[in-house]
Amino acid sequence: MRELAATLVREALVAAIEAGEVGLSSPPEVRIERPRDTSHGDWATNVAMVSAKAAGMNPRQLAETIAARMSGHEDVSAVEVAGPGFINIRLSAHALQRVLTEVRSAGTDFGRIDQGEGRRVQVEFVSANPVGPMHVGHGRWAALGDSMARVLAHAGWDVQREFYVNDQGVQMDIFAKSVAARYLELCGREVEFPEEGYRGAYITEIAREILGDEGERWADAEPAAREDHFREKAYAQVLAHLEHVLHSMGVDFDVWFSERSLHQPAEDGGPSAVERAFDRLREAGHLYEHDGALWFRSTAFGDDKDRVLKKADGSYTYFAADIAYHADKFDRGFDRVIDIWGADHHGYVKRMEAAAAALGHEGKLELVIGQLVNLFRGGEVVRMSKRTGEMVTFEDLLDEVGPDAARYFFLRRSTDQPLDFDIALAKEQSSDNPVYYVQYAHARICAILRKATGADTADTSVDIAATAGTLLGKDAPLHLLDSDAELALMRKIAEFPEVVEIAARLLAPHKLTRYAEELAASFHQFYTQCRVVDPDDAELTTARLHVVDASRIALATVLGLVGVSAPERM
RNA sequence: GCCCUCGUAGCUCAGUGGAUAGAGCGUCUGCCUCCGGAGCAGAAAGUCACAGGUUCGAAUCCUGUCGAGGGCACCA
């Protein structure tokens, strides 16, 4: 639609130039935007204001000249000059009716655009430490990353989802020690629980499981051997659990990338990925030694201070592995590399950007910072304490509100805004709950389509998409669709490809939920004002069923990008 | 102290340098002989934190002040 409007303006401008009405050698780029106030029309352009000086005309005069050549076009119902020289364009009912046919032939491909042109993009997200349950923030980032991936794919990108597994380091060691301590307690031994150990009940459960599987034979083993064994067992179990929880919300990863692998020798026995990354930085002159440690001169790329990569004791910092990890991502040939991090990691942004630049990939890395989630229950803050272990995990939340409500609520706010998640509202089955509001519109549409078949509306075997296909032939009297409610609904449907474009470009999935609510509202308004199935008017019924079915497709498609189901009945 | 993010209606939040700043909730007033009322219509509600600057034009960009959250390890 935007392209249609731009083309209309461009053609009018070219015609005016050729007719000698406008003194321009070549037409300028035509920028089309949405007027903030819809009463100004569907589209507006400031092209007359931008090129007035070059044309030697005043902006309004130029605008009038262009507008005159646009009026009368079958896709334009009104064109007017406003303010300092805006050209406001209202598309005709004819142009909107044509969209219905496009939507219905596209099906779930509706809104697919070619922004990515098949280029490759990787989205890395969640990447929670596999040492315990995920918190609700992880849930938000999971929904965010997955929807981002879905909308990027819809916008023509070749997308890969990746989870970076921190399977090495201090956290893992503490984790192993914690499990070992619980195990020994279960064996009736006197043990001192590690100072910094994880005290969650799940640690004891893992220990109990090991005890059940392998008996007490580890009680008298060497502590180091015991911890090594427990670390592997416990970590594999937690990782499988994370995968399971994410999957139950419809989030699946293409790659689970192990941090540990970065430290292991290459397949040919050569240096590890970490050492190879060091070599690259060293050759480029970005490393130096100081106080027995190896430093990265990140200040050369805008960081606040230089960073240690290899400590004086010979061990590597987390950052060292992260540099190697990103070097590996770049080597894999992605055109874009997107990381979604929690707000608690945002202090890390500058040094990672510095590392990307030092590796010769400035601008290829996009760091998205997801703000945290505050849980409420009917307006009351849900208090959580890590110390006492009193907390609502992501899994708890999923169990309580279900995957649809969870995903929908996680995506209702812009990424850089902290999210207040009201558990009571998410469970409510009323119009106050936006996910029900949107899903209800879809179920209502399906009820109409069932009704239109004349079949038993209680028959659950009706295939809605197939029904709509057979019910509605290619030629329909769409010109009958000209009431305000019908036009408004068609406008909203036609807006969808634009929403995909913006959501993908700005990496902003909350545009999707917002659009879904607007579309649902347009549909409910249409429903209230226009009776669809009317035995006395077969023509109008057919035409309206076309809008209804196009609404169904648009709603189901946007919900698909959000990752929420589109129920045929509720 | 330094860095990052944020500050928009009573509340929760949209807003891509454009025109008279929008939506939901809440408050108030209405709409069911009719395809699903889990719906719809209407009303009231604003110093876009504040002060400068850039621009033909700023909620949006820049600087400063105030306020909120987060980050400032040879932790991850």
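Couple of notes before you dig in:
- Members of the stretch A:303-323 found to be within 29 Å of the chain's Cα centre (by Cα) and open to solvent by 40 Å² or more (accessible area, probe 1.4 Å), listed by number: A:TYR318
- Failed item in (1) of a type in the set (A, V, I, L, M); (2) buried (at least 17 other Cβ atoms within 10 Å of the Cβ); (3) not in a helix (DSSP H, G or I), with A:LEU211 passing the rest: (3)
- A:LEU375, sole failed condition from (1) within 16 Å of RNA strand B (Cβ to nearest atom); (2) hydrophobic (A, V, I, L, M, F, W, C); (3) open to solvent by 60 Å² or more (accessible area, probe 1.4 Å): (3)
- Residue selected from the stretch A:417-443 under the condition more than 18 Å from A:HIS135 (Cα to Cα) and in a loop (DSSP other than H, G, I, E, B), by the criterion nearest to the chain's Cα centre (by Cα): A:ASN433
- Counted residues, the stretch A:99-118 - those being surrounded by 13 or more Cβ atoms within 10 Å (Cβ to Cβ) and not in a helix (DSSP H, G or I): 6
- Screening the stretch A:532-567 for residues that are of a type in the set (Gly, Ala, Ser), part of a helix (DSSP H, G or I) and in contact (Cβ under 8 Å) with a residue 12 or more places away in the chain and picking the one that is surrounded by the fewest Cβ atoms within 10 Å (Cβ to Cβ) gives A:GLY560.
- A:LEU4 vs. criteria in a loop (DSSP other than H, G, I, E, B) and open to solvent by 10 Å² or more (accessible area, probe 1.4 Å): no
- With respect to being outside the structural domain of A:ALA543 (by TED's automatic domain parsing), in contact with a Gly (Cβ under 8 Å, 6 or more places away or on another chain) and either more than 14 Å from RNA strand B (Cβ to nearest atom) or in a helix (DSSP H, G or I) (or both), A:ASP173 falls outside the description.
- Answer residue from the stretch A:428-471, given it is modelled with pLDDT under 90 and β-branched (Val, Ile, Thr) and is least open to solvent (accessible area, probe 1.4 Å) among those: A:ILE464
- Hits in the stretch A:520-531 (condition: in a loop (DSSP other than H, G, I, E, B) and open to solvent by 10 Å² or more (accessible area, probe 1.4 Å)): A:ARG531
- From A:HIS346, A:HIS326, residue being within 16 Å of RNA strand B (Cβ to nearest atom), within 22 Å of the chain's Cα centre (by Cα) and buried (at least 17 other Cβ atoms within 10 Å of the Cβ): A:HIS326
- The stretch A:262-274: number of residues that are part of a helix (DSSP H, G or I) and either within 14 Å of RNA strand B (Cβ to nearest atom) or surrounded by fewer than 16 Cβ atoms within 10 Å (Cβ to Cβ) (or both): 3
- Leading residue by the ranking (farthest from A:LYS492 (Cα to Cα)) among those in the stretch A:31-49 that are within 6 Å of RNA strand B (Cβ to nearest atom) and not acidic (Asp, Glu): A:MET49
Residues checked against (1) touching a His at 6+ places or on another chain (Cβ under 9 Å); (2) closer than 24 Å to A:LYS350 by Cβ:
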residue	(1), (2)
A:SER261	no, no
A:PRO265	no, no
A:ASP268	no, no
A:TYR288	no, yes
A:ALA300	yes, yes
A:ASP304	no, yes
A:LYS310	no, yes
A:ASP328	no, yes
A:GLY333	no, no
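- Here A:ALA181 qualifies as without any contact (Cβ under 8 Å) to a residue 60 or more places away in the chain, within 27 Å of A:SER315 (Cβ to Cβ) and open to solvent by less than 80 Å² (accessible area, probe 1.4 Å).
- Positions within the stretch A:214-224 being part of a loop (DSSP other than H, G, I, E, B) and surrounded by fewer than 15 Cβ atoms within 10 Å (Cβ to Cβ), in sequence order: A:GLY215, A:GLU216, A:ARG217, A:ASP220, A:ALA221, A:GLU222
- For the stretch A:7-30, the set of residues classified as of a type outside the set (S, T, N, Q) and either assigned to a loop (DSSP other than H, G, I, E, B) or within 16 Å of RNA strand B (Cβ to nearest atom) (or both) consists of A:LEU8, A:VAL9, A:ALA19, A:GLY20, A:GLU21, A:VAL22, A:GLY23, A:LEU24, A:PRO27, A:PRO28, A:GLU29, A:VAL30, listed by residue number.
- The single residue among A:LEU561, A:LEU506, A:LEU545 that is at pLDDT 95 or above and either closer than 26 Å to A:ARG407 by Cα or near RNA strand B (Cβ under 10 Å from one of its atoms) (or both) turns out to be A:LEU561.
This table checks each residue for (1) in contact (Cβ under 8 Å) with a residue 60 or more places away in the chain; (2) in contact with a strand residue (DSSP E or B) (Cβ under 7 Å, 6 or more places away or on another chain); (3) surrounded by fewer than 17 Cβ atoms within 10 Å (Cβ to Cβ).
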| site | (1), (2), (3) |
| --- | --- |
| A:ALA354 | no, no, no |
| A:HIS361 | no, no, no |
| A:PHE394 | yes, yes, no |
| A:LEU411 | yes, no, no |
| A:ASP420 | no, yes, yes |
| A:ALA424 | no, yes, yes |
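The values are calculated or read from the model by the stated rules, or taken from the named source; none is laboratory data. The model shown is predicted, which means the values in this text are computed figures rather than measured ones. We place every Cβ from the backbone using ideal geometry, glycine too, and count neighbours over all the protein chains shown. Side chains are part of the model used for accessible areas, which takes the heavy atoms of the whole protein and leaves out ligands, DNA and RNA. Shrake-Rupley method; radii C 1.70, N 1.55, O 1.52, S 1.80 Å.
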